[in-house]
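Every read-out reported here was derived from the displayed coordinates using simple, explicitly stated rules and does not represent laboratory data. Here the structure is a predicted model, which is why all the values come from computation and not from measurement. When we count neighbours, we look across all protein chains shown, and the Cβ atoms used for this are built from the backbone with ideal geometry, even at glycine.
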Amino acid sequence: MVTDRSGGAGSGDKNHPVFRMTRGRRIGDAIIGALIRVGVVPNSYMLTTTGRRTGQPRTNPVTLVEHDGRRWLVAPYGPVSWVLNARAAGRVTLHRRGQRLDCTVREVSAEEAGPILKEYIKMARPTRRYFNATPTRP
């Protein structure tokens, strides 16, 4: 799992907004979730984790990066609930279009994360403003 620790999401730095879940985002997630489930959104999956407090399954849309033959999960909004749940559980389930992948997760170093973040921001433009990675930065 790749997270941006360079002052991005959740840090509240003046150059980057902090992600806030709103009613509009929930509606948007529901719509995009339906599209992901039928396989219309490329590189996107529904991620299910176990809630660290409730023990109940929690599902969110995510975009994966394929790099060097591996799939990478990026947390562009910083340590939001699904990230904290994934860290606590150490496992997630990814699903779409009838496919189900059970995966283990681990955070990677900044050196490992750099190339993955560069790929991610090429794919997931709407999240760019939430973290300090750009296509030209190392």
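Test of understanding: ordering 38, 80, 92, 108 by Cβ neighbours within 10 Å, fewest first, what list do you get?
38, 108, 80, 92
Take 91, 97 and order them by how many other Cβ atoms sit within 10 Å, fewest up front.
97, 91
Which ³J(HN,Hα) values in Hz, rounded to whole numbers, follow from the phi angles of segment 47-63 under the Karplus curve 6.51 cos²θ - 1.76 cosθ + 1.60, where θ = phi - 60° and Gly and Pro get x?
For segment 47-63, the Karplus curve yields 9, 10, 10, 9, x, 5, 9, 8, x, 8, x, 10, 10, 9, x, 9, 10 Hz.
For 81, 44, what's the fewest-to-most ordering of other Cβ within 10 Å of each Cβ?
Sorted ascending by nearby Cβ count, the order is 81, 44.
Considering amide H positions built from the backbone, and no H for Pro or chain starts, which residues 5 or more places from residue 91, or on another chain, come under 5 Å of its amide H?
When sequence neighbours closer than 5 places are left aside, the close amide H contacts are 105.
So which trypsin sites (Lys or Arg not before Pro) in segment 32-61 end up in coil per DSSP with only 13 or fewer other C-beta atoms within 10 Å?
Listed in order of number, the matching sites are 53.
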